[in-house]
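Asker: Below you'll find the structure I mean.
The values are calculated or read from the model by the stated rules, or taken from the named source; none is laboratory data. Note that the structure is a prediction, hence the values are computed from the model and not measured. Neighbour counts are summed over all protein chains in view; Cβ atoms, including those assigned to glycine, are modelled from backbone coordinates with ideal geometry.
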Amino acid sequence: MAVTPVILTVSGSGEATAKRIAAALDSPLHGREGRVREADAFFPDALEHCRELFASGTPIIGVCASGILIRAVAPLLGDKLTEPPVVSVSDDGAVAVPLLGGHRGANRLARQVADALDGTAAVTTAGDVALGISLDEPPVGWRLGTPDLSRNAMARLLSGCGARVTGDEARSAEWLWTLPAADPLATDRDVVAIEATLSLGRPDALVFHPQRIALGVGCSRNCPPEELEALALRVLDEAKIAPGALMGLFTLDLKSDEPAVNALATKLATPLRVFTAAELETETPRLANPSSTVFAEVGCHGVAEAAALAAAGPEAILRLPKTKSANATCALAVAPRPVGDLRGRPRGRLALVGIGPGESNWRTPEASRLVAEADEIVGYGLYIDLLGPLAAGKQRTDFPLGSETARCGYALERAGEGKSVALVCSGDAGIYAMGALVFELLDSDRGSSGLTDAARRVEIVSAPGVSALQAAAARAGAPLGNDFCAISLSDLLTPRVDILRRVRAAAEGDFVVAFYNPVSKRRRDLLTLARDILLKHRPSDCPVMLATNVGRSGECTSYRQLAELDVNDVDMLTLVIVGSSQSRILALGDGPRMYTPRGYSNRMKESPNAA
């Protein structure tokens, strides 16, 4: 999924240039607090903010010194094939320098910036400089079929070899005509063989595929994935079409959650797009095999053929009509020219994102990436605010406390419209948060949940987050070093009798206990009752940690003995960790630390030489 670049500036001297770039690229502008007057979002620390954007996969165009960007992302560098583009621009806009990701869009972004500012794109990639082309970053609508050969091919071209472009699509590959042509009499040793073709092409040639082919599929419910895959590969083989020539995989929206369809899209490394029955029905006059039976079942006279034709456009023709297996159908349509802007809509995605306690350093790169990729962010307003600049420019929908069901239902419905939605939660989305409610809604019958069928077909992904108990435990030391459990003392959803039963079980089992939601404005007694139950099974001086706003402004941690635990010392934002009978407080130079032994000391006494 493409991510819009962020324009970043750290000083007032570059603000005007940054605004011009943001307007030209229709991108959000992020500015340094106290130094930039107007921006879509502000950040306090440039290095930290750059790292967060880079880790989330967001392209960065920084109107600042190159060194700032380099120092920021250097600790994260690893795989140039996956890292996002990073471009630095001088304050006056005279020079745009692609620092990273030249072959993943940075060179293109630098040229766009230079064009918008009448500046210079300081591209240093050898192929771009000498030949004006990057073989491993073909134009939109083309795909490189033999990426392993691109580096050697470019090196040979730079050393003086000429290119010989052949193949059934050579005429439409105008962008390759700029390469130095090989002498017609040159031997193969002095020629770089390049093939533009819809087929697989020669294994020893640099092969480029125009994405002109739409693969339409249909299948019965729970069709075996291996059956659909085998049929699709057979169809491509019969039509002599390389998977790289596919613009995408297309089907009826009712099939968007079909495991076989999604597995095939993953196998072919191609996007999945869907159409409504009404949209497919408009293709009926062009179908080779219209079916009244299919119409009676799904509301259109064909799925595979219609989806392929709808995707390839009004000038498309069927390359291969519907081919059937026991449970699946496939068809191919060919567009007159490469397609970069896909028709249809994607299968919607709902990302359950745990953002941790709130501090950006404790937010996982996966969580940041899912937020960066989202079309819309949904959640409790405070949690969205904690995302800071990462949420800037995104459509956001805030819900108050107490509207959790409406919040999850809304997020599912928006994803059902084909959107990528991030449902943000503090801590971990699957721990006392919205993850369970989303699945509960999907698991309930249609009448009680009110969810549409489209909402039930969305993709659900979960990003783990640092939970409150992990954050508090890290501040304490290692209180969860041995068996532990978490218990919520909120009786809004769990009966009090069940809460107390669980507390008794934890007390009898000598578990370290993390109490979530220890008190509320009206509920003041359950923590006291839990304390008294625990005191029956562990010593009065058992250590207790109170952790409030960990990782946020106003953080406060303190320790008590269990017998001294007072409800008046606790509020709704406090997590209470009660140690087991084995937990200890250790006085260190930088303050007390709480830990629970795992039992290694006993083993060391039994076997001093044990590893």
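Asker: For the list (1) buried (at least 23 other Cβ atoms within 10 Å of the Cβ); (2) of a type in the set (V, I, T); (3) over 25 Å from R273 (Cβ atoms), I need the number of the one condition that V371 fails.
Answerer: Checking V371 against (1) buried (at least 23 other Cβ atoms within 10 Å of the Cβ); (2) of a type in the set (V, I, T); (3) over 25 Å from R273 (Cβ atoms), the one that fails is (3).
Asker: On the basis of being in contact (Cβ under 8 Å) with a residue 12 or more places away in the chain, within 21 Å of R171 (Cα to Cα), of a type outside the set (S, T, N, Q) and touching a strand residue (DSSP E or B) at 6+ places or on another chain (Cβ under 6 Å), does L215 make the cut?
Answerer: Here the answer is no, as L215 does not meet what is asked.
Asker: Could you identify the single residue in A296, A331, A351, A304 that is touching a Leu at 6+ places or on another chain (Cβ under 8 Å) and more than 30 Å from R552 (Cβ to Cβ)?
Answerer: The conditions single out A331.
Asker: Does segment 521-550 hold any residues that are of a type in the set (D, E, K, R) and buried (at least 17 other Cβ atoms within 10 Å of the Cβ), and which are they?
Answerer: R523, R531, R538
Asker: Also, quick follow-up: Somewhere in segment 189-198, is a residue part of a helix (DSSP H, G or I) and out of contact with any Pro (no Cβ under 9 Å at 6 or more places or on another chain)?
Answerer: Within segment 189-198, one or more residues are part of a helix (DSSP H, G or I) and out of contact with any Pro (no Cβ under 9 Å at 6 or more places or on another chain).
Asker: Please work out if L206 is over 23 Å from A326 (Cβ atoms), in contact (Cβ under 8 Å) with a residue 24 or more places away in the chain and in contact with a Ser or Thr (Cβ under 7 Å, 6 or more places away or on another chain).
Answerer: yes
Asker: Which condition number in (1) in contact with a Pro (Cβ under 8 Å, 6 or more places away or on another chain); (2) assigned to a strand (DSSP E or B) is the one that R552 fails?
Answerer: The number of the failed condition is (2).
Asker: Being surrounded by fewer than 17 Cβ atoms within 10 Å (Cβ to Cβ) and modelled with pLDDT of 75 or more is the filter here, so list the residues in segment 123-132 that pass it.
Answerer: Passing the criteria: only T124.
Asker: Within segment 598-611, is there a residue that is under 30 Å from L386 (Cα atoms) and either at pLDDT 90 or above or not in a loop (DSSP other than H, G, I, E, B) (or both)?
Answerer: No, every residue in segment 598-611 fails to be under 30 Å from L386 (Cα atoms) and either at pLDDT 90 or above or not in a loop (DSSP other than H, G, I, E, B) (or both).
Asker: How do the strands (runs of 3 or more DSSP E) wholly within segment 26-127 filter down when requiring 1 or more residues that are in contact (Cβ under 8 Å) with a residue 40 or more places away in the chain and among the aromatic types (F, W, Y): which remain?
Answerer: 41-43
Asker: Within segment 535-542, does at least one residue satisfy the condition of being in contact with a Leu (Cβ under 7 Å, 6 or more places away or on another chain), of a type in the set (S, T, Y) and not in a helix (DSSP H, G or I)?
Answerer: Yes, there is a match, as at least one residue in segment 535-542 is in contact with a Leu (Cβ under 7 Å, 6 or more places away or on another chain), of a type in the set (S, T, Y) and not in a helix (DSSP H, G or I).
Asker: Among the residues of segment 51-64, count how many are farther than 14 Å from L387 by Cα, touching a strand residue (DSSP E or B) at 6+ places or on another chain (Cβ under 8 Å) and of a type outside the set (S, T, N, Q).
Answerer: Residues in segment 51-64 being farther than 14 Å from L387 by Cα, touching a strand residue (DSSP E or B) at 6+ places or on another chain (Cβ under 8 Å) and of a type outside the set (S, T, N, Q): 7 in total.
Asker: So for segment 560-572 (the condition being in a strand (DSSP E or B), assigned by TED's automatic domain parsing to the domain that holds L489 and touching a residue at least 12 places away in the same chain (Cβ under 8 Å)), does at least one residue qualify?
Answerer: yes
Asker: Now a separate question. Of (1) over 25 Å from A433 (Cβ atoms); (2) free of Cβ contacts under 8 Å to residues at least 40 places away in the same chain; (3) assigned to a loop (DSSP other than H, G, I, E, B), R523 satisfies all except one. Which?
Answerer: The failed condition is (1).
Asker: What are the pairs with Cβ atoms under 8 angstrom where one residue, in segment 536-547, is among the charged types (D, E, K, R) and the other, located anywhere, is in a loop (DSSP other than H, G, I, E, B)? Sequence gap at least six, or different chains.
Answerer: Every condition considered, the pairs that remain are R538/D510; R538/G579; R538/S580; R538/S581.
Asker: Consider only pairs whose beta carbons are under 6 Å apart and that are at least six residues apart or on different chains; among these, list those whose first residue lies in segment 377-389 and is β-branched (V, I, T) and whose second residue is part of a helix (DSSP H, G or I).
Answerer: Correct list of pairs: I377/I384; I377/A391; V378/A411; I384/A391.
Asker: Show the residue pairs meeting these rules: Cβ distance below 7 Å; 6+ apart or different chains; first residue within segment 481-493 and closer than 23 Å to Q582 by Cβ; second residue assigned to a strand (DSSP E or B) and not β-branched (V, I, T).
Answerer: Short answer, once both residue conditions are applied: G481/Y595; F484/A514; A486/A514; A486/Y516; I487/F515.
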